[in-house]
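Just so it is clear, none of the values below were taken in a lab; they were calculated from the coordinates. Everything numeric here is computed off the predicted structure, so don't read it as measured data. With ideal geometry, Cβ positions are generated from the backbone for all residues, glycine too; neighbour counts draw on all protein chains shown.
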Amino acid sequence: MAGNEIPTKAARRSWRLPLYTAIFAFVIFVPIAISNPDTFFFSSLFFVAPTLLFFSVILIVLLASSAFGHGRRQILPILAAVALLWVIPVPSYFYNRAHPFELHETARWLVWSHEYKREVLAQGASANGDLKYIEWDATGFAGVANNTVYLVFDPTDTLSAAAENHQAGKFNGIPCEVRLVRRLESHWYAVLFYTDQTWNQCA
């Protein structure tokens with residue numbers, strides 16, 4: 001009985017490595033994935049990628065040591081750890097490149113939506129019938145290739161169809177044609193304008 005317990009406990013300890021690796025990969029990458037798109041590329045290049053490569057080398061050395069040594073029970077857990085180290089960050093990286101504002105905005109909305117709502121709703125009614133809004137997110141530098149996202153309050157949810165169909169175009173209550181509308185929750189939308197366009201320029 002006692003002889004069987006020792007390998008079992010050792011096996012359990014060996015599978016802690018993939019668990020800790022998954023937690024580590026999640027912790028180091030999530031703050032980068034939800035960062036502003038302007039800082040995302042540099043953070044990924046100078047922090048995430050070197051960190052992943054460093055720990056991958058350590059795991060590969062452990063794998064080689066187990067394969068040629070007496071720790072062959074460790075091979076599968078180490079392989080799982082290597083896979084987990086990359087399977088969390090890499091898809092998240094490419095998703096964030098394809099949808100540069102989405103993760104960032106979702107995180108901000110989950111944490112601070114009550115503050116943003118208060119700021120928008122405190123505005124008075126627009127004389128020309130525009131929806132209430134605030135500038136919410138942006139990329140670009142020194143007036144070049146600026147992409148601006150507005151948080152828009154739509155009390156009648158007229159933007160819901162555009163959000164559902166990923167539709168670009170001109171919509172009532174928004175002075176410019178827009179590239180993308182994304183629904184955050186009922187009556188609240190993130191509206192991405194075309195490059196170098198702002199709400200005031202079209203108003």
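Odds and ends about this structure:
- Span from the segment 124-165 Cα centroid across to the segment 168-189 one, whole angstrom: 6 Å
- Over the chain, DSSP H runs of length four or greater, each weighted -39,500 (n - 2.57), average out per residue to a 222 nm ellipticity of -17000 deg cm²/dmol.
- For segment 51-203, the convex hull spanned by the alpha carbon atoms encloses 150 Å³ per residue.
- Rounded tilt (10° steps) of 16-33 against the dominant C-alpha axis of the chain: 20 degrees
- Amide N proximity, segment 149-183 versus GLU102 label position 7 Å along Cα-to-Cβ, cut-off under 14 Å: 163-167, 180-183
- Relative contact order, percent, the chain [alpha-carbon distance under 8 Å, six or more residues apart]: 16 percent
- Against the main long axis of the alpha-carbon atoms of the chain, helix 75-87 sits at an angle near 10°.
- For the chain, the longest principal axis of the alpha carbon atoms and the long axis of helix 102-121 meet at an angle near 40°.
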